[in-house]
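Okay, so here's the structure we're looking at.
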Amino acid sequence: MDYSKKDEDFIEKRSRENLVETYREELLKVLRGYNRMDFIPLSVRKRMREDGVLKRFSGRYTVTELGMEMLREEASERLVQSV
């Protein structure tokens, strides 16, 4: 089956959103300053870095602006859906 570029972009975006939602609590730990990353599997950390959700700087992981934006969006979407 052939997918259009638009379909591929949507699938990639949805996959990234699902990844952030699945690891929401763990990403919030990173935001609070935890640097031991044993609570996020190595393969997931690699994927998050490739997707631009996490970055590593001076041996420490941080959540990128994109990651923080996605965390905020997911939280606001849950509030809207629960009303």
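Scan the range 1-30 for residues that are at pLDDT below 85 and in contact with a helix residue (DSSP H, G or I) (Cβ under 8 Å, 6 or more places away or on another chain) and jot them down. Selection gives Y3 alone. Scanning the range 1-44 for residues that are touching a strand residue (DSSP E or B) at 6+ places or on another chain (Cβ under 8 Å) and part of a helix (DSSP H, G or I) returns L27, V30, L31. Scanning the range 45-63 for residues that are surrounded by fewer than 17 Cβ atoms within 10 Å (Cβ to Cβ), touching a strand residue (DSSP E or B) at 6+ places or on another chain (Cβ under 7 Å) and part of a strand (DSSP E or B) turns up K55, T62.
Residues in the range 17-28 that are surrounded by 17 or more Cβ atoms within 10 Å (Cβ to Cβ) and in contact (Cβ under 8 Å) with a residue 40 or more places away in the chain were compared, and the one that is farthest from K55 (Cα to Cα) is V20.
Taking residues in the range 29-46 that are closer than 16 Å to G59 by Cα, and partners anywhere that are among the aliphatic types (A, V, I, L, M) and surrounded by 10 or more Cβ atoms within 10 Å (Cβ to Cβ), the pairs with Cβ atoms closer than 7 Å and at least 6 places apart or on different chains are V30/V63; L31/V63; R45/M37; R45/L54.
The values are calculated or read from the model by the stated rules, or taken from the named source; none is laboratory data. This is a predicted model, so every value here is computed, not measured. Heads up, the Cβs are rebuilt from the backbone with ideal geometry, glycines too, and the neighbour counts pull from every protein chain shown.
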